[in-house]
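Reviewing the structure listed below.
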């Protein structure tokens, strides 16, 4: 199984490469990229340097042009596709049909991966993108149980990549408008969820309070750890009860599932986190490289080591992790 | 302007559903979409039951009857059901997932693209048109300006035979998950949900800790806390090139809703303000009402 790691900067890219990533994914510095934050991402010179470093190490570089273009911005997405082809990257990760169609027709040699934002959860959807645009891989949304991933992988026309570690989207990616409902900015169009500029923290008589565009997301007792006010991870009131009505602050961690994912025939496991620091990328890549190598050496004896789990827990939201939808009981 | 009744997004008892449609058959609607779009465990109506209802509605009402399927297809059994639904041979299908687009395209039948398909530009509309799309419901988060730009861009590409239907009334579907939030709120595992969403005919209200209705929990679907209402925006809907207005069923008061939209499309002056939200239409956060943020 290939290990696909994130890079939001040249130092992060170098860390991932040094620690054993098989492929590294990046994005451009504009809204064609779902991780388009101030100060993040590589400029053209850094990208060219990155391609060279990665290719001379015999590894791969992917570029994500994974937001949905509105009619007005279409030319920018075309340019992003051209730019990726010009850089000589090993794959373009895209979600929008028109972006995929443009890339397939204009750059027939550029390998296309269907982004998780494409929201393809079943073999018929995968067949659509394969038949029409010749995608060579698809990243599955984090909504399928392990049994469902198995069934999709067995019948898919293309190899499958799944999320292995990082922030946990609990909604089908590409199908979530919670953020735009509250802030006006969405993952699909703006590449953001619960954008930082809409966040406000305040010390109130009832406790430390986080708000998103003035909507109260959570309120903390003095001894409670406070997390980033992602909409789906706040505490809300349903039927008079206050609780994490959608999900708790937690990260996805599937290091225990490596043997099952490999047996299913998953082609690649993806680490989330282009917005994270080089140190984060370094530590997560190192642990996952060790785990995959350990499994490769002796698949029958594979066991996720406590030290790996501890290291990953420390890097996780709320310092806790979950198997998410892969495990039926989570659902 | 045509009026379209969207699929019932909540889980209602079969009797409730049949009574509702008997009432709607008498309303001035041009299109009625039936079918289950949220959860495969909601089995009060089988595909045959839906098709039977469709036949009855075709006789009782002058409306075009369509059928929609699940927006989130996870299990192989759900995909098989979707294949049967797409091949029904009687009712036009609303595709809510690219899997449905693929199946309908392979069958060579024309279809409607529902709001869960990601169409944000005219080139994408053209791609789906090539697969057989002849009507689209833009994602609920699109503004009037964005929708107009899509229509114009598609026209420049020579696409002139696609109708545009805008979600104009009701709780907007905002997200889909593997997790059932209704079961979670009732401390039940999804696999033993006891169909608890039957107890919430308009979904479960999820409030902020300050009591603001933020979202509505409807099984695996998360909906807007406020109902969308674009009645006051009728003139701009028409000017944008919208052909149909989708009214999404609620448990109470739908006759009044249809009647209010019908009066306005027949020339009555739209109200200056309405209850509900319309921020998305104005390019603002969806939860807002335009008169609250001085947009009108």
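Quick notes on this structure:
- Members of the range A:264-273 found to be under 24 Å from residue A:192 (Cα atoms) and outside any loop (DSSP other than H, G, I, E, B), listed by number: A:269, A:270, A:271
- Here A:130, A:113, A:107, A:83 are screened, and the one residue that is touching a residue at least 12 places away in the same chain (Cβ under 8 Å), more than 13 Å from the chain's Cα centre (by Cα) and crowded, with 23+ Cβ neighbours inside 10 Å is A:113.
- When residues in the range B:65-84 are screened for being away from chain A (no Cβ under 12 Å) and buried (at least 18 other Cβ atoms within 10 Å of the Cβ), 4 of them pass.
- Assessment of the range A:201-209 against the conditions (in contact (Cβ under 8 Å) with a residue 24 or more places away in the chain and either within 26 Å of residue A:67 (Cβ to Cβ) or facing chain B (nearest Cβ under 10 Å) (or both)) yields no matching residue.
- Output for the range A:222-263, where each listed residue is farther than 30 Å from residue A:296 by Cα and assigned to a strand (DSSP E or B): A:236, A:237, A:238, A:241, A:242, A:243
- Residues that are at the interface with another protein chain (Cβ under 8 Å from one of its Cβ atoms) and either in contact (Cβ under 8 Å) with a residue 60 or more places away in the chain or buried (at least 24 other Cβ atoms within 10 Å of the Cβ) (or both) within the range B:106-118 comprise just one, B:116.
- The range A:90-104, subset crowded, with 24+ Cβ neighbours inside 10 Å and over 16 Å from residue A:139 (Cα atoms), residue farthest from the other protein chains (Cβ to nearest Cβ): A:103
- One residue from B:196, B:142 being within 9 Å of another protein chain (Cβ to nearest Cβ) and either in contact with a helix residue (DSSP H, G or I) (Cβ under 8 Å, 6 or more places away or on another chain) or surrounded by 18 or more Cβ atoms within 10 Å (Cβ to Cβ) (or both): B:142
- Count of the range B:58-84 residues which are more than 21 Å from residue B:165 (Cα to Cα) and free of Cβ contacts under 8 Å to residues at least 60 places away in the same chain: 13
- Flag set for residue B:23, criterion: in contact (Cβ under 8 Å) with a residue 40 or more places away in the chain, in contact with a helix residue (DSSP H, G or I) (Cβ under 7 Å, 6 or more places away or on another chain) and either surrounded by 24 or more Cβ atoms within 10 Å (Cβ to Cβ) or farther than 18 Å from residue B:165 by Cβ (or both).
- Checking residue A:150 against (1) within 7 Å of chain B (Cβ to nearest Cβ); (2) within 30 Å of residue B:190 (Cβ to Cβ); (3) out of contact with any strand residue (DSSP E or B) (no Cβ under 7 Å at 6 or more places or on another chain), the condition it does not meet: (1)
- When residue A:190 is tested against (1) in contact (Cβ under 8 Å) with a residue 60 or more places away in the chain; (2) away from chain B (no Cβ under 11 Å); (3) within 20 Å of residue A:25 (Cβ to Cβ), just one condition goes unmet, and that condition is (2).
- When residues of the range A:42-59 are limited to those that are surrounded by fewer than 22 Cβ atoms within 10 Å (Cβ to Cβ) and touching a residue at least 40 places away in the same chain (Cβ under 8 Å), the one nearest to the other protein chains (Cβ to nearest Cβ): A:59
- Enumeration of residues in the range B:120-157 that are assigned to a helix (DSSP H, G or I) and under 16 Å from residue B:281 (Cα atoms): B:144, B:145, B:146, B:147, B:148, B:149, B:150, B:151
- For the range B:271-296, filtered to residues that are outside any loop (DSSP other than H, G, I, E, B) and modelled with pLDDT of 85 or more, the residue that is nearest to residue A:177 (Cα to Cα) is B:280.
- Filtering A:303, A:276, A:219 for residues that are outside any helix (DSSP H, G or I), more than 23 Å from the chain's Cα centre (by Cα) and not assigned by TED's automatic domain parsing to the domain that holds residue A:187 leaves a single hit, A:303.
- Residue in the range B:86-99 that is in contact (Cβ under 8 Å) with a residue 60 or more places away in the chain, closer than 28 Å to residue B:180 by Cβ and within 11 Å of chain A (Cβ to nearest Cβ) present: no
- Enumeration of residues in the range A:160-183 that are over 23 Å from residue B:96 (Cα atoms) and facing chain B (nearest Cβ under 10 Å): A:182, A:183
- Flag if residue A:254 is away from chain B (no Cβ under 14 Å), under 24 Å from residue A:26 (Cβ atoms) and touching a helix residue (DSSP H, G or I) at 6+ places or on another chain (Cβ under 9 Å): yes
- Enumerated strands (runs of 3 or more DSSP E) restricted to the range B:200-261, each holding at least 3 residues that are modelled with pLDDT of 95 or more, away from every other protein chain (no Cβ under 14 Å) and surrounded by 22 or more Cβ atoms within 10 Å (Cβ to Cβ): B:244-247
- Among residues of the range A:1-19, those that are in contact with a strand residue (DSSP E or B) (Cβ under 7 Å, 6 or more places away or on another chain) and outside any helix (DSSP H, G or I), counted: 7
- The listed residue being buried (at least 20 other Cβ atoms within 10 Å of the Cβ) and not in a helix (DSSP H, G or I), out of A:182, A:192: A:192
- Residue A:72 meets the conditions (1) surrounded by 17 or more Cβ atoms within 10 Å (Cβ to Cβ); (2) within 11 Å of chain B (Cβ to nearest Cβ); (3) farther than 30 Å from residue B:108 by Cβ in every case but one. The failed one is (1).
- The one condition in (1) surrounded by 23 or more Cβ atoms within 10 Å (Cβ to Cβ); (2) in contact with a helix residue (DSSP H, G or I) (Cβ under 8 Å, 6 or more places away or on another chain); (3) facing another protein chain (nearest Cβ under 8 Å) that residue B:181 fails to fulfil: (2)
The values are calculated or read from the model by the stated rules, or taken from the named source; none is laboratory data. Bear in mind the structure is a predicted one, so any value in this text is a computation, not a measurement. Neighbour counts are summed over all protein chains in view; Cβ atoms, including those assigned to glycine, are modelled from backbone coordinates with ideal geometry.
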